[in-house]
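This report refers to the structure that appears directly beneath it.
The values are calculated or read from the model by the stated rules, or taken from the named source; none is laboratory data. Here the structure is a predicted model, which is why all the values come from computation and not from measurement. A quick note on method: Cβ atoms are made from the backbone with ideal geometry, for glycine too, and the neighbour counts reach across all protein chains shown. Calculation scope for accessible area: heavy atoms of the full protein, side chains included, ligands and nucleic acids excluded. Shrake-Rupley method; radii C 1.70, N 1.55, O 1.52, S 1.80 Å.
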Amino acid sequence: MFKIEDAMHAELQPEDFPSFTAAANELKRRAAISWDEEPNKCPCSNWRNCSRNYQIVEYDTTQERWVELQRIDFLTVSASGVEWVSPAL
């Protein structure tokens, strides 16, 4: 299973994705949303000067306690714009 996490705020997003591509497509959708609108608006009080640093995290969910398999920096969204860390799809 794949999840999206905002590493800047240690905020795991609630959606589960069946594949890396599905999670990447969600981040591509978010890249088209303004930095100051949900879900890109940062949860902190300094949100105007902050950013979302999205990562895609893969978990092995076959065990009772999930095991993280990999974590890939993918996308940063801020007032300065969108920065693709991983190649855009």
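Here are some notes:
- At a probe radius of 1.4 angstrom, the accessible area of the chain per residue rounds to 59 square angstrom.
- By the Cβ distance rule of under 4.7 Å, the chain has these cysteines without a partner: 44.
- Gaussian network model of the chain, Cα within-10 Å springs - most flexible of 27, 69, 12: 69
- Dipole magnitude for the chain: about 260 debye, using +1 per Lys or Arg Cβ and -1 per Asp or Glu Cβ, origin at the Cα centre.
- Per-atom-type breakdown for the chain gives carbon and sulfur 48% of the accessible area (1.4 Å probe, protein chains only).
- Solvent accessible area, Å² - residue 59, 1.4 Å probe, full protein context: 30
- Top of 38, 15, 64 by mean-square fluctuation, Gaussian network on the chain, Cα under 10 Å: 64
- Angle between the chain longest axis and helix 20-31 axis [Cα atoms, degrees, rounded to 10]: 10
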